[in-house]
1. Do you know which residues across segment 75-133 are under 17 Å from residue 26 (Cα atoms) and not in a helix (DSSP H, G or I)?
2. Quick check: is even one residue across segment 237-246 crowded, with 16+ Cβ neighbours inside 10 Å and part of a loop (DSSP other than H, G, I, E, B)?
3. List the number of the failed condition for residue 127; all other conditions in (1) modelled with pLDDT under 95; (2) of a type in the set (Gly, Ala, Ser); (3) within 30 Å of residue 98 (Cβ to Cβ) hold.
4. Of the residues 235, 185, 181, only one is under 14 Å from residue 148 (Cα atoms), touching a Lys or Arg at 6+ places or on another chain (Cβ under 8 Å) and β-branched (Val, Ile, Thr); which?
5. Take the conditions more than 24 Å from the chain's Cα centre (by Cα) and either at pLDDT 95 or above or among the aliphatic types (A, V, I, L, M) (or both) and apply them to residue 29. Does it pass?
6. Restricting to segment 137-164, name every residue that is part of a strand (DSSP E or B) and within 30 Å of residue 191 (Cα to Cα).
7. Only one of 176, 193, 167 is part of a strand (DSSP E or B), assigned by TED's automatic domain parsing to the domain that holds residue 253 and loosely packed, with under 14 Cβ neighbours inside 10 Å. Can you tell me which?
8. Quick check, is residue 204 among the basic types (Lys, Arg), free of Cβ contacts under 8 Å to residues at least 40 places away in the same chain and assigned by TED's automatic domain parsing to the domain that holds residue 265?
Amino acid sequence: MPKGPIIELDRTTRFCVNDRSFGDPGDQIASDPNGYAAKPAMRGLGRYYSVDVTARGEPDETTGYLIDIKAIDRAVRGSVVPLITEACHDDPAREPATLMPELVLRLQDNLPVTLARLRWNLTPYASITMDSSTVSSVVLRTRFDFAAAHRLHVDSLSDEENQKMFGKCNNPSGHGHNYQVEPAVEAPLPETGAMPFTMHDLERLTDETIVEAFDHTNLNTDPPDFGPKGINPSVEHIARACFRRLGEAIDATGSGARLLHITVWETDRTSCTYPSS
């Protein structure tokens with residue numbers, strides 16, 4: 001019989017890393033019923049994390065399952081959680097990205113299907129992803145915001161054409177947005193020594209090249225990227241400008257890191273990723 005389509009299944013597992021005084025993480029997991037919020041649950045001033053597991057393969061024709069999601073949770077709590085817990089206790093200054101190869105290998109050893117990728121969510125807005133086929137690098141993501149005003153207007157069009165094209169967004173007085181920006185950067189992992197490009201580097205460079213340049217500005221008149229060049233500050237053009245600014249800054253570090261793409265949200269319903277990932 002012909003094989004069915006290969007699919008990917010995503011599962012998020014949430015957990016907390018608590019102080020050693022609360023006992024063994026395995027015992028905490030066994031005693032905590034709420035796997036939705038976090039298991040182990042928070043005790044005292046713990047740390048909260050989540051991981052997104054992407055499994056790949058062909059679903060069983062009878063059950064429809066690629067894998068029971070509870071098996072993914074068990075694998076994460078049996079292999080990923082202990083390693084992260086140990087690192088938090090014994091080496092809290094370690095770069096999280098350097099843990100990723102071992103996390104991926106341990107998790108794959110505990111899954112009966114192929115692990116496509118693992119994403120460790122350090123916070124709700126910062127994460128590290130490793131593809132199981134590329135354990136020599138990680139993808140760093142973190143999110144920023146800035147507030148800016150703009151007017152959508154193209155000088156080569158008539159006032160009537162601009163009004164018809166852009167509607168209220170063509171208001172001569174302009175309007176504003178609280179933009180969110182999320183770059184995705186591929187960073188190499190060193191064989192020995194320190195990470196050549198870290199999340200802190202990404203934070204610093206994005207703040208310098210994008211947030212400081214665009215925050216609380218009129219995009220049509222203040223930064224040189226748009227109006228002065230005759231470029232309409234649409235979210236598509238903003239994403240392209242952000243990519244150029246940050247990409248050049250990352251390349252200049254000589255770290256081997258590279259900007260893969262950047263996503264800009266104009267509202268919670270409208271975003272643009274440049275270039276397409």
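1. Residue satisfying the conditions is 110 alone.
2. Looking through segment 237-246, none of the residues is crowded, with 16+ Cβ neighbours inside 10 Å and part of a loop (DSSP other than H, G, I, E, B).
3. If we test residue 127 against (1) modelled with pLDDT under 95; (2) of a type in the set (Gly, Ala, Ser); (3) within 30 Å of residue 98 (Cβ to Cβ), just (1) comes out false.
4. 181
5. Against the criterion (more than 24 Å from the chain's Cα centre (by Cα) and either at pLDDT 95 or above or among the aliphatic types (A, V, I, L, M) (or both)), residue 29 qualifies.
6. Residues satisfying the conditions are 137, 138, 139, 140, 141, 142.
7. Every option except 176 fails the conditions.
8. The answer is yes for residue 204.
The values are calculated or read from the model by the stated rules, or taken from the named source; none is laboratory data. This structure is a prediction, so every number in the text was calculated from the model and none was measured. Quick reminder, even Gly has a Cβ in these numbers, built from the backbone with ideal geometry, and neighbours come from all protein chains shown.
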